[in-house]
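The values are calculated or read from the model by the stated rules, or taken from the named source; none is laboratory data. The model shown is predicted, which means the values in this text are computed figures rather than measured ones. Positions of Cβ are generated from backbone atoms using ideal geometry, with glycine treated the same way; all protein chains shown enter the neighbour counts. Quick note on the areas: whole protein, heavy atoms, side chains included, nothing else; ligands and nucleic acids left out. Shrake-Rupley method; radii C 1.70, N 1.55, O 1.52, S 1.80 Å.
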Amino acid sequence: MLRISKLPIAIFFAIIICFPWIAKHIPAIGHYPDLMVFAGIYCLITIGLSLLMGYAGQISLCQAAFYGIGAYASGILTVRYGMNPWLCMLIGMGISALVALLVGAPSLKLKGHYLAMATLAFGIIVFIIFNEEVELTGGPDGMRGIPGLSLFGFQFDSVNKYYYLVWAFVFAAFIFTINIIQSRTGRALRAIHSSETAASAMGVNISRFKIIVFIYGAVLASLAGSLYAHYLNFINPSTFDLFVSIKLLIMIALGGMHQIWGAIIGAFLITFLSYEWLHFFGEFEIIVYGGILLLVTIFLPDGLAGIPGIIKGWFRN
Amino acid sequence: MVQELKFQVRESLEKNILEVEQVAMAFGGLMALINQNFRVKKGIIKAIIGPNGAGKTTLFNVITGFFPPTEGTIRFKGQAIEHLKAHDIASRGLSRTFQTVELFDNMTVLENVMVGCHTRIRSSFLATGFKLPQVKRKENKIKEKAMDILEFINLKDKFNEPADSLPLGEQKLLEIGRGLATQPDLLCLDEPVAGLNETETQVASSLIRLIREKGITVLLVEHDMKVVMDLSDEIMVLNYGEKIAEGPPEQVQNDPKVIEAYLGGED
Ligand SMILES: Nc1ncnc2c1ncn2[C@@H]1O[C@H](COP(=O)(O)OP(=O)(O)OP(=O)(O)O)[C@@H](O)[C@H]1O
Ligand SMILES: [Mg+2]
């Protein structure tokens, strides 16, 4: 029976809650909460992607596009139209859901490589729009002056405040997703992954479930994009290009896509690698990613989240 | 006249759970099914036999919505279903098993049966994500129901084992159990005892009989003639996609065309 134990989740989020306090007392990691904001933003996307890829078995190369749609919806609607940021966030999620429905309905009928190509093409189109619609998006120069977030007069104006906001969203998304996985929906997704033939013989409407999960992933990515925009107060297209979509895939491949924890581990690791530990590789960063991905897929097909299982296996023998 | 016709329609509805009319299935140039016409009476076990490649599995695939037929009508419980998708047909109460076992290998025995309950107990994506109280209640109900089925097919002890760890005989039973979980009115079994030993075959046979006793109609494709003769109320014989005989077992057994088809198929 698939059961995701509660204890590690409790411990993990307890650490998340205490972390800013710890970081304050250790100068070497004093700036980590800032990185963790980005890690949390990525976590939102990878959680959705993990459900789509790891559980439903569908590949997507366009998560960065939904990430961008969220960010630009927030940016454009607040800066150009002066709307309430929270409302913009919701509108962005609504637009992403609608776009995911329109793109997903035909694409998810495709299999394997074709689905990858279709989502890839869609991602590139969205990226081009961000670049070309200069009047709305500011084009390649990006968009400045996106306001910060506040709630009932409380301003999320420091790193730590924003940190807690982002991680509250991650916590909610994580719990929501776990509830899905351990339910009728989750079973249907795993059934689809295992045998589409048998799943449909059990009455599972395959395309419907694929689309629902695709939309869910898009909505989470969009939320992540809005949070990103309001944190940095600046966005430009390169944050949402194809490489980011690939990086997101690397995250869940590295963390392990068949377990929801893999999404968290991967998002953390790649964030810290790219912003902190691999900084000095500069242009060669991508080669290092390639190397890491190669090693993981060869030696840890279930990703880093699969390690406890391997160790358990050793003890059993 | 009209009254008479109405009466006939109603009577056939009450008597026949499945009506197949002029169904044909072509794969490119190959006619896998030719002008199929037959009915399945409610509550019986009807066997479909025939040499390898006769079109038995194709017939199941057409009935259960995996291949839309090239021609013809299929009525299940009086309603045309030939244009429906497999999942739709399943949710209307027509379930099946597969010739080569198609269990969900990534799940436990219990979970496999729980997937079978998919269309009977539903909750929405949002309700599930927010874990509303009724979702938990429904989930428990699904588990209970699945456990009852495992008890029925005698696999209760193994509920928590991975489905692919079971021996073939039990995997076949589990597939039947998973089909039963969809609460079918008609269950199509594609070679349920193929590859099983003597004891396993007996277990499966008596299970199929029990299923009929529950009021579920069974369509049975099987090569094991002893099982077929033992279980079926009616037999239909296919050869090269055509029906060559249909009737009670004794009659079909002695039909020269049937004997010819089977002997002819061997050289
Ligand atoms: N998807 C398919 N595409 C093309 N041809 C097919 C397909 N499925 C079945 N056939 C062909 O249709 C014919 C009937 O096959 P089918 O599997 O229905 O036979 P069967 O009676 O179930 O045989 P067996 O007893 O060996 O299981 C065969 O000639 C087969 O090659
Ligand atoms: Mg067959």
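Counting pairs of alpha carbon atoms under 8 Å apart in space and at least six apart in sequence, what relative contact order in percent does chain B give?
25 percent
What is the magnitude of the charge dipole of chain B about its Cα centre, with +1 placed on the Cβ of each Lys and Arg, -1 on the Cβ of each Asp and Glu, and no other charges, expressed in debye to the nearest 20?
It comes to approximately 1600 debye.
Rounded, prolate or oblate, given the Cα gyration tensor of the range A:135-211, with a/c below 1.5 counting as rounded?
Oblate.
Given +1 on the Cβ of Lys and Arg, -1 on the Cβ of Asp and Glu, and no further charges, what dipole in debye does chain A carry about its Cα centre, rounded to the nearest 20? Each step should come with its number before you reach the end.
Details: 16 positive and 12 negative charges, 267 e Å.
Magnitude of the dipole: close to 1280 debye.
Please calculate the 1.4 Å probe accessible area of residue B:223, with all protein chains present, and give it to the nearest 10 Å².
We get 60 Å² for residue B:223.
If you roll a 1.4 Å probe over the protein assembly as shown with all protein chains in place, what percent of the accessible area is carbon or sulfur?
Carbon and sulfur: 62 percent of the exposed surface of the protein assembly as shown.
Going down the list B:85/B:131; A:210/B:131; B:41/B:85; A:247/B:138; A:111/B:138, which pairs span over 28 Å between their C-alpha atoms?
B:85/B:131; A:247/B:138; A:111/B:138
With a 1.4 Å probe and every protein chain left in place, tell me how much accessible area residue A:279 has, in Å² to the nearest 10.
120 Å²
Does the range A:186-317 come out rounded, prolate or oblate by the C-alpha gyration tensor, with a ≥ b ≥ c the root eigenvalues, rounded set by a/c under 1.5 and, if not, prolate when a/b is larger than b/c and oblate if not?
Here the range A:186-317 falls in the oblate category.
Can you give the helix-only mean residue ellipticity at 222 nm for chain A, where every DSSP H stretch with n ≥ 4 adds -39500 (n - 2.57) and the sum goes over all residues, rounded to the nearest 500 deg cm²/dmol?
Working: 14 runs with 223 residues, N = 317.
Rounded to the nearest 500, it is -23500 deg cm²/dmol.
List the residues of the range A:168-196 whose accessible area drops by at least 20 Å² when all protein chains are present, compared with their chain alone, using a 1.4 Å probe and counting only protein heavy atoms.
A:176, A:179, A:180, A:183, A:184, A:185, A:187, A:190, A:191, A:194, A:195
Name the residue, out of B:139, B:19, B:71, whose mean-square fluctuation peaks in a Gaussian network model built on chain B with Cα pairs under 10 Å.
Looking only at B:139, B:19, B:71, the biggest GNM fluctuation is shown by B:139.
At 27 angstrom or more along the helix axis (alpha-carbon based) and mean Kyte-Doolittle of 1.0 or higher, what helices does chain A contain? Whole DSSP H runs only.
TM-like helix candidates: A:6-25, A:85-107, A:112-132, A:159-181, A:206-232.
Hey, can you find the accessible area per residue of the protein assembly as shown for me, probe 1.4 Å, expressed in square angstrom? Mind dumping the intermediate values first?
Working: 26300 Å² over 584 residues.
I get 45 Å² per residue for this part.
In whole angstrom, note down how far apart the Cα centers of the range B:62-91 and the range A:1-74 are.
Value for the Cα centre distance between the two parts: 45 Å.
Whole Å is fine, so just give me how far the alpha carbon centre of the range B:30-50 lies from that of the range A:221-236.
61 Å
Nearest 100 Å² is fine: what is the total accessible surface buried where chains B and A meet, probe 1.4 Å?
2900 Å²
HN-Hα J couplings of the range B:25-38 from phi, Karplus 6.51/-1.76/1.60, θ = phi - 60°, integer Hz, Gly and Pro as x?
3J(HN,Hα) across the range B:25-38, in whole Hz: 9, 10, 9, x, x, 7, 8, 7, 9, 10, 5, 7, 9, 6.
So how much accessible area does residue B:243 have, in Å² to the nearest 10, using a 1.4 Å probe?
Its accessible surface works out to 70 Å², give or take rounding.
May I ask what percent, to the nearest 5, of DSSP beta bridges between residues of the protein assembly as shown are antiparallel?
Antiparallel: roughly 60 percent of the beta bridges in the protein assembly as shown.
In debye, nearest 20: dipole of the range A:1-132 around its Cα centre with unit charges on the Cβ of K, R (+) and D, E (-)?
It works out to roughly 340 debye.
Please enumerate, by chain and number, the lysines with C-alpha under 17 Å from the C-alpha of residue B:172, excluding those fewer than 8 residues away in the same chain.
B:156, B:158
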